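Peer 1: This is the structure I want to talk about, given as structure tokens.
Each reported figure results from applying straightforward, stated rules to the coordinates on display, with no laboratory input. Fair warning: this is a prediction, and the values are worked out from it, not measured in the lab. We place every Cβ from the backbone using ideal geometry, glycine too, and count neighbours over all the protein chains shown.
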Amino acid sequence: MDTRGRKIGIIVAVVAGLVILFFVGRYFITNKTEKSNQAKIEKEKEDLSEKETRQLAQSLHEACIYAASVGIDTSRYATVADADQNKAKLTNMLLELRYGKKPSRLEFNGLKESVDSLWATKANPSELTTLATFGPYKQLAAHYSRLQKSGATNNPGMADSLRLIRQTLNFYRYINRFDPDQFVLVNIPAGELNVFDRTGKRLLPMQVISGKPDKMTPCMVTYIQDIVMYPYWNVPQNIALDEMLPRMKRDLSYIYNQNLQILDAKNKEVDPEEIDWDALSETNFPYRVRQASGCENSLGLLKFNLANPLAIYLHDTNSRDLFKSTKDHWRSHGCVRVQKPVELANLILGTKTFDADFMNKCLIDQKPTTLPTKKFPVFIAYNVADVDAAGKLRFYNDVYSLDK
């Protein structure tokens, strides 16, 4: 029994050893295979990462070429060795291509901006040429590219022209932050107002008269709040004191001839004959001056109120002949006189509220009537370089000497 027991013990020990040897060997073989596979996976990841890095750098390079062709300074977007930096640069460039930068001359923005940052992470750089859909922008970009390729960029005059075009191209990109279906664009140097749709079609072109050089019309992004029929002209205090007070003190007939009303602190009209004019001065004038509504009102028969703290608005004028008799379209105190107020009002209101005879009827004893309207975007810009209705490149007079 002892011998047999020893034999059984030896057999068990041998079997156990074989089993242990099998599993140990299997462990080492599996471990080696796993390490080999892991090394292979890491190599594949590294190769893929290098490929993606090269592709990203190539995409950024291609985007830079296109961006430069539409007037964007690409020096800050140059490719580097770091993939994360290239990715961030590509995203920022795509956002600038679509939304531009805030124009430096913008004094007020009354519209909410909307920038889709997520779009830039999904956009295909190879499809950038399809990004621009606004007609004047595409035409201006084509002129920029043509001049850029002319080989005369070292010429000071050409360099200045390209700089002016770049400013306007950026302005058109900036409009995309608001995505308007229709909007009013006043271009001060051109002396023009256009109503555009989102494709760039000019729905209602007209002339305007804006501020003179010492009373510049400010650049702004805003909207039309409402339209006033037969408006009062609430004379700005600086005009009342600097221009009107000396004339009123010399001759009260000036007040009656200009249909002016003198209002006290309670907004009640005061009889000019009962005022001690000798006691009044620029520092002592407890009144407000208002011009009564009617045909002779300086604002004409229609006023387009704009949302802004600068007291700037669009309006008709009692001197409509100026649009034909002079080329000086920069002679107001800052507000913008429009050539076609009836057409503009009807377009904004979305219905033919005023007929062609409205401007000629000039009804008497009318009080101001406010017509509510939807928020209609208005951009007042200073674009010396632009394209006209025919797509021709134009350089307008730098009337405010802002681009010297």
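Peer 1: Hey, rough spin-label estimate for LYS122 and VAL80, points 7 angstrom out along Cα→Cβ, what's it come to in nanometres?
Peer 2: Distance between label points: 2.9 nm.
Peer 1: Now for a different question. State the Cα centre-to-centre distance between segment 338-394 and segment 105-159 in whole Å.
Peer 2: Segment 338-394 and segment 105-159 have Cα centres separated by 28 Å.
Peer 1: What are the ³J(HN,Hα) couplings of segment 63-78, residue after residue, when phi is run through the Karplus curve with 6.51, -1.76, 1.60 and θ = phi - 60°? Round to Hz, x for glycine and proline.
Peer 2: Karplus values, whole Hz, x for Gly and Pro: 5, 4, 4, 5, 4, 5, 6, 10, x, 9, 6, 9, 4, 7, 10, 4.
Peer 1: Among LEU164, LEU371, LEU344, which one moves the most in a GNM of the chain with springs linking Cα atoms closer than 10 Å?
Peer 2: Result for the chain, Cα springs under 10 Å: LEU371 fluctuates most.
Peer 1: Filter the cross-link list LYS212/LYS268; LYS112/LYS215; LYS303/LYS340 down to pairs whose alpha-carbon distance in this structure exceeds 23 Å.
Peer 2: Over 23 Å Cα-Cα: LYS212/LYS268; LYS112/LYS215.
Peer 1: So in the chain, which Cys have no other cysteine's beta-carbon sitting under 4.7 angstrom from theirs?
Peer 2: Those would be CYS64, CYS219, CYS335, since no other cysteine Cβ in the chain comes under 4.7 Å of theirs.
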